[in-house]
Amino acid sequence: MQEALDLIDESADMEVWPDENPPAPEVMREKASTVDGILTNIMDRVDGPLLDAAPRLKVISQLAVGLDNVDVAEATRRGIPVGYTPGVLAKATADVAFALLMSAARRISESERWVRDGQWTLAFHPLRWLGVDVHEKTLGIIGMGQIGLEMARRGRGFDMNIIYHSRSRRPDLEAEYGLVYVDLPTLLAESDFVSLHMPLTPETRHYIGEAELRQMKPTAILVNAARGPVVDSRALYTALKEGWIYAAGLDVTDPEPIPAADPLLTLENVVIAPHVGSASLASRGAMCMLAARNLIAGLEGNPLVRCANPEVYKA
Ligand code: GLV
Ligand code: GLV
């Protein structure tokens with residue numbers, strides 16, 4: 001991470017926001033008014049008013065693959081390229097999604113709480129802590145981008161049957177990885193595990209709501225390592241509480257951080273990680289380097305290494 005800052009420092013005058021909390025919008029607008037480039041993370045809102053306040057801006061470099069905090073259309077309208085960090089975090093994020101899937105299925109977090117609580121007093125009980133198997137089950141993946149594909153590869157390693165639903169069908173991957181494309185109702189009805197890997201957009205907000213949860217098997221597990229708002233969290237609470245589905249594994253919540261009083265935290269059959277999908281040393285390091293390279297390329301007027309709106313170069 002320091003390496004990425006050093007790289008930027010070598011080619012630009014750099015100011016680093018010193019606080020862990022993001023700047024208030026008016027502070028961000030004031031800072032943006034004099035800069036040629038900004039490096040953002042998912043807590044920073046980059047919208048029309050910010051761009052209006054930044055007449056010199058030549059590049060936005062986002063340290064994430066998700067861009068729901070950035071109004072990419074507004075940036076494109078102004079001819080500003082938006083960098084992001086796909087690819088380098090796909091395996092790490094799928095690892096966390098699969099870890100949540102396994103923890104929810106085999107009740108690892110729940111039973112660990114019980115151990116730490118001093119309740120493990122009988123060495124072994126043949127009928128205690130029974131969960132559900134992962135191997136040879138059906139994994140339904142929604143969103144077949146790079147992270148969805150890595151999730152499919154992990155599922156294949158566990159001898160799972162993989163079905164998927166995605167905005168764009170991927171016949172090339174179907175042949176290579178043995179994936180079967182299905183419509184959403186089929187995916188919901190047939191999957192033992194439903195794993196979400198789509199971006200958050202106006203179309204995917206509450207993509208999984210009451211109607212979808214009711215179509216899932218009562219033994220099914222929902223995994224969300226995408227964005228919290230793609231699931232209607234109130235409906236998810238009811239589904240977990242009333243047993244419409246068996247369990248959930250979440251790396252993302254709505255809102256983030258999840259408030260201490262959120263009813264989901266009262267349930268045992270949900271595993272919640274604090275948005276750590278890409279948080280391995282190596283993957284986060286690679287993201288930082290890619291974000292730095294995108295920023296520098298934009299400052300120097302070169303095409304970004306990974307650009308979310310390459311149409312700006314056609315104008
Ligand atoms: C993290 O959530 C990302 O979008 O990279
Ligand atoms: C369980 O610990 C077993 O040996 O089957």
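Taking the criterion of being in a helix (DSSP H, G or I) and either over 22 Å from the mean Cα position of the chain (by Cα) or at pLDDT below 95 (or both), the residues of the stretch 109-120 that qualify are Glu110, Ser111, Glu112, Arg113, Trp114, Val115, Arg116. Residues of the stretch 260-287 that are open to solvent by 60 Å² or more (accessible area, probe 1.4 Å), away from ligand 1 (no atom under 12 Å from the Cβ) and over 23 Å from Ser191 (Cα atoms): Ala260, Ala261, Leu265, Thr266, Leu281, Ala282.
Might you let me know whether the stretch 129-136 holds any residue that is among the β-branched types (Val, Ile, Thr), open to solvent by less than 50 Å² (accessible area, probe 1.4 Å) and assigned to a strand (DSSP E or B)? Within the stretch 129-136, not a single residue is among the β-branched types (Val, Ile, Thr), open to solvent by less than 50 Å² (accessible area, probe 1.4 Å) and assigned to a strand (DSSP E or B). The residues listed here are Val115, Val46; of these, the one that is open to solvent by 60 Å² or more (accessible area, probe 1.4 Å) and free of Cβ contacts under 8 Å to residues at least 60 places away in the same chain is Val115.
Got a sec? Which of Ala75, Ala92 is under 20 Å from Glu150 (Cβ atoms) and not in a loop (DSSP other than H, G, I, E, B)?
After applying the criteria, what remains is Ala92.
Screening the stretch 49-65 for residues that are within 16 Å of ligand 1 (Cβ to nearest atom) and part of a loop (DSSP other than H, G, I, E, B) and picking the one that is least open to solvent (accessible area, probe 1.4 Å) gives Ala64. State yes or no: is Pro86 under 30 Å from Val194 (Cβ atoms), in contact (Cβ under 8 Å) with a residue 12 or more places away in the chain and of a type outside the set (Ser, Thr, Tyr)? Yes, satisfied.
Pick out the one residue from Phe124, Phe98 that is closer than 28 Å to Gln215 by Cβ, of a type in the set (Phe, Trp, Tyr) and either under 24 Å from the mean Cα position of the chain (by Cα) or assigned to a loop (DSSP other than H, G, I, E, B) (or both).
Every option except Phe98 fails the conditions.
Report yes if some residue within the stretch 139-152 is open to solvent by 30 Å² or more (accessible area, probe 1.4 Å), assigned to a loop (DSSP other than H, G, I, E, B) and of a type in the set (Val, Ile, Thr); otherwise report no. No, the stretch 139-152 contains no residue that is open to solvent by 30 Å² or more (accessible area, probe 1.4 Å), assigned to a loop (DSSP other than H, G, I, E, B) and of a type in the set (Val, Ile, Thr).
I'd like to verify a number: residues in the stretch 241-257 that are within 21 Å of the chain's Cα centre (by Cα) and open to solvent by less than 40 Å² (accessible area, probe 1.4 Å), how many? Break it down into steps so the answer makes sense when it comes.
Pass one, the stretch 241-257, residues within 21 Å of the chain's Cα centre (by Cα): 247-257.
With the extra rule that they be open to solvent by less than 40 Å² (accessible area, probe 1.4 Å), the set shrinks to 247-253.
Looking only at that region, the number is 7.
A search for C-beta distances below 8 Å between a residue of the stretch 90-102 that is away from ligand 1 (no atom under 16 Å from the Cβ) and any residue that is assigned to a helix (DSSP H, G or I) and at pLDDT 95 or above, counting only pairs 6+ apart in sequence or on different chains, returns Phe98/Met151; Phe98/Arg154; Phe98/Gly155; Met102/Ile108.
The values are calculated or read from the model by the stated rules, or taken from the named source; none is laboratory data. Small disclaimer: the values here were computed from a predicted structure and weren't measured. Every residue, glycine among them, receives a Cβ derived from its backbone with ideal geometry; neighbour counts consider all protein chains shown. SASA here: full protein model, heavy atoms, side chains in, ligands and nucleic acids out. Shrake-Rupley method; radii C 1.70, N 1.55, O 1.52, S 1.80 Å.
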